[in-house]
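Asker: Take a look at this one; I'll ask things after.
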Amino acid sequence: MATSVLMRFSIADYVIFVLLLVLSSVIGLFYALSGGQQRTTQEFLLAGRSMTFVPVSLSLLATFQSAVAILGVPAEIYTFGTEYWFLGCSYFLGLLIPAHIFVPMFYRLGLTSTYEYLELRFNKATRLCGTLTFIFQMVIYMGVVLYTPALALNAVTGFDLWGAVLTMGLVCTLYTALGGLKAVIWTDVFQTLVMFSGQLAVIIIGAGQAGGIGEVWRIAKENGKIAGIDLNPDPFERHTFWTLSFGGVFMMLALYGVNQAQVQRYLSSRSEKQAILSCYVVFPCQQIVLAMGCLMGLVMYARYGENGPLQQGYVNASDQMVLYFVMDVLQHYPGLPGLFTACLFSGALSTISSAFNSLAAVTMTDLVKPHYPHMTEARATLISKSLALGYGLLCLGMAYIASLMGSVLQAALSIFGMVGGPLLGIFCLGMFFPMANSTGAISGLVAGLVMAFWIGIGNFVSRKAPLSFVNATTIHNVTTALATSTVATVNLTTVASSAGPTGLKKFYSLSYVWYSGHNAATVVIVGLLVSFLTGPMKGEDVNPSTVVPIMRYLLFFLPEQCKEKLSCGVRYQPANNEPSFQHSLVPTKESNGVISKVVTPAVEEKQQFGAQPSKEVAIEKEDQASVVLQETSL
């Protein structure tokens, strides 16, 4: 790229950008020195279960809206038009299902790590498989999320690449390791406001320069950028209404239903009602964020038409095009380019800090604590902080590796989406199919991962086409979560030939939006088959608090005898004989999935809110053959 097109920051831009980093650090230091001062793992990993739904929902949104999404969505709209907008239809079920199925179950079990559920439902081996899969997913993604915005900024403005990477990584590590989840959530709130402000400034000024929103819409419509509803049900079509609206639901479930980074926020809520409300509040916020990304893409098209910065050779990749557009539009407004850059890096900081904290939580809870059951609270907290710090430094190393990967970078991003579907599948297998056993769960997870990598890598190898970073993808869905997540994968497909692919190439051309649903279904089908072949789990041995009697509720009009058969032998004991997910008795169980004892509601409530359990429950905790999941266990 010619150096003549580089656009420089003004002093005001640098001031605004530095203020973002300083304020983020100050929030972390504040929570490190006030309140609970992060002296317990409950405080450090779950914010003392004290959060209300407003900051939790904004934090959920910030994690979802990474820097990759801010760069990717407008480029997608600019290149392909507004069809991607229909993804918003999937948000409804994608948040309603977690709010009423996943969140209540995880909250009532009093988990710290989502994968503790897998031990309660199956066994320790299943839990370990889930934990290691999640760590693999997040470690690879962290470096990419850190490196990508810094690379775009360097390419467009000449901003020092590794200076930006180191600054972001160290600031994020500082406030996450010192302030814990509470600092992460409140920093996310601040960064969400910065993201809204930056995008809104670009849309307003860019639309004004193009002659107003009406003119922007007219130009887009005349040039075929306003998409109609494509009702083609073909799952091999990259984007259709059905693909985005229904395939997108599985991507949302993988992020908002079972992803540790998001579930940890639900669990930090002061009550189950607050956790559920956070799902409802984040829904309109997501729609606004999606609309803003789409509008930015339309404004960009109104300014450049078909002859954009990428086509003119001003930038080398699609992900750099959005930042070039921003610098071009805002070049006469000192401070505003800095505001959008702060918006961009806010997305990166929120995603990475969530990854640090969630990785520290699962490593401590699933890998360290089981081997050192008598560890003191002070030592456990210190190790948790050290883990957050260690993952922060590892993130910097992964950013360096990402810089060396070149075209393999897209494959690394794809891994995030490939792993999300199988993880969703193993949780669905446990929650909705009481007959599934641990052998089936592990076999299903392995089969789902094999299928995911087979399709993703097979797609890439069979096409052998050079890929740009965004490649006109909906990279928005790779966040994470972040990711969730998002939660999907970078589209590794290229434009199909006029004859269309056949055979395996047709199979490899499955729309990336269906990856999560397809891979989750693989886990469930293989898991059930293996379970039946190896001996299905008996209903009376299944902990009723780990399965959802969904058929009993959907077919509530049937006689009680029929509903009992639908329960597959699971001994549900709903309060007052009314359909409810809240059971009057919540059994705990041995690590092999067999019920071992019953905890009364009073003890359960104490466990959920971090109170000390009674002496007999504490004694039960000491016995490593059984597992009582509660925050005081750390």
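Asker: Just reorder Cys129, Cys172 by solvent-accessible area, largest first, 1.4 Å probe, all chains present.
Answerer: Cys129, Cys172
Asker: Follow-up. Arrange the residues Ile226, Ile70 by how much accessible surface each exposes, largest first, with a 1.4 angstrom probe.
Answerer: Ile226, Ile70
Asker: Further, regarding this structure: Go through the stretch 87-96 residue by residue and turn each phi into a ³J(HN,Hα) via Karplus (6.51, -1.76, 1.60, θ = phi - 60°); whole Hz please, and just put x for glycine and proline.
Answerer: 4, x, 5, 6, 5, 4, 5, x, 10, 5
Asker: Return the FRET efficiency for the residue pair Lys221, Gln561: r is the Cβ-Cβ distance, R0 is 51 Å, and the value is rounded to the nearest 0.05.
Answerer: Between Lys221 and Gln561 the formula returns 0.30.
Asker: Over the stretch 190-345, what relative contact order in percent results from Cα pairs under 8 Å that are six or more residues apart?
Answerer: 42
Asker: Let me ask another. Give me the percent relative contact order of the stretch 272-388, please, defined on Cα pairs under 8 angstrom at least 6 residues apart.
Answerer: Answer for the stretch 272-388 is 14 percent.
Asker: Now for a separate question. Report the Stokes-Einstein translational diffusion coefficient (µm² s⁻¹, integer) for the stretch 206-353, Rh taken as the Kirkwood radius over Cα pairs, at 37 °C with viscosity 0.692 mPa s.
Answerer: 178
Asker: Right, here's the next one. For Asn437, enumerate residues with amide H under 5 Å from its amide H, sequence gap 5+ or separate chain, H modeled in the peptide plane.
Answerer: Ser531, Met537
Asker: Also: Pull up all non-local amide H partners of Ala227: gap of 5 or more, or a different chain, and H-to-H distance under 5 Å with H placed in the peptide plane.
Answerer: Amide H neighbours of Ala227, under 5 Å, 5+ apart: Thr82, Glu83.
Asker: Next up: Return, for the Cα atoms of the stretch 84-238, the radius of gyration and Dmax in Å, separated by a comma.
Answerer: In order Rg, Dmax, the Cα atoms of the stretch 84-238 give 21.8, 62 Å.
Asker: Each residue of the stretch 287-304 in turn: what ³J(HN,Hα) in whole Hz from Karplus with 6.51, -1.76, 1.60 and θ = phi - 60°, glycine and Pro shown as x?
Answerer: Working through the residues one at a time gives 4, 5, 4, 4, 4, 5, x, 5, 4, 4, x, 5, 5, 4, 5, 4, 7, 10 Hz.
Asker: If you count only protein heavy atoms and use a 1.4 Å probe, how large is the accessible surface of Lys124, to the nearest 10 Å²?
Answerer: Using a 1.4 Å probe on the heavy atoms, I get roughly 100 Å².
Asker: Continuing with this model, one more query. Using a 1.4 angstrom probe and counting only protein chains, how large is the accessible area of Lys273 in Å², to 10?
Answerer: 140
Asker: Would you mind pulling out the separation of the Cα centroids of the stretch 530-548 and the stretch 36-80, in Å?
Answerer: Taking the Cα centre of each part, the stretch 530-548 and the stretch 36-80 sit 35 Å apart.
Asker: Along the stretch 42-53, what does the Karplus equation 6.51 cos²θ - 1.76 cosθ + 1.60 (θ = phi - 60°) give for ³J(HN,Hα), rounded to whole Hz, x for Gly and Pro?
Answerer: 4, 6, 6, 8, 10, 6, x, 6, 10, 7, 9, 6
Asker: Let me ask something else about it. Sticking with the crude label model, points 7 Å out along Cα→Cβ, report the distance from Leu132 to Leu504 in nm, one decimal please.
Answerer: 2.8
Asker: Let me check something: with ligands and nucleic acids excluded, how do Lys221, Lys385, Lys182 order by accessible area (1.4 Å probe), largest to smallest?
Answerer: Lys221, Lys385, Lys182
The values are calculated or read from the model by the stated rules, or taken from the named source; none is laboratory data. The structure displayed is predicted, hence computed values, not measured ones. Glycine gets a Cβ as well: all are built from the backbone with ideal geometry, and neighbour counts include every protein chain shown. Just the protein is used for accessible areas: all its heavy atoms, side chains included, with ligands, DNA and RNA removed. Shrake-Rupley method; radii C 1.70, N 1.55, O 1.52, S 1.80 Å.
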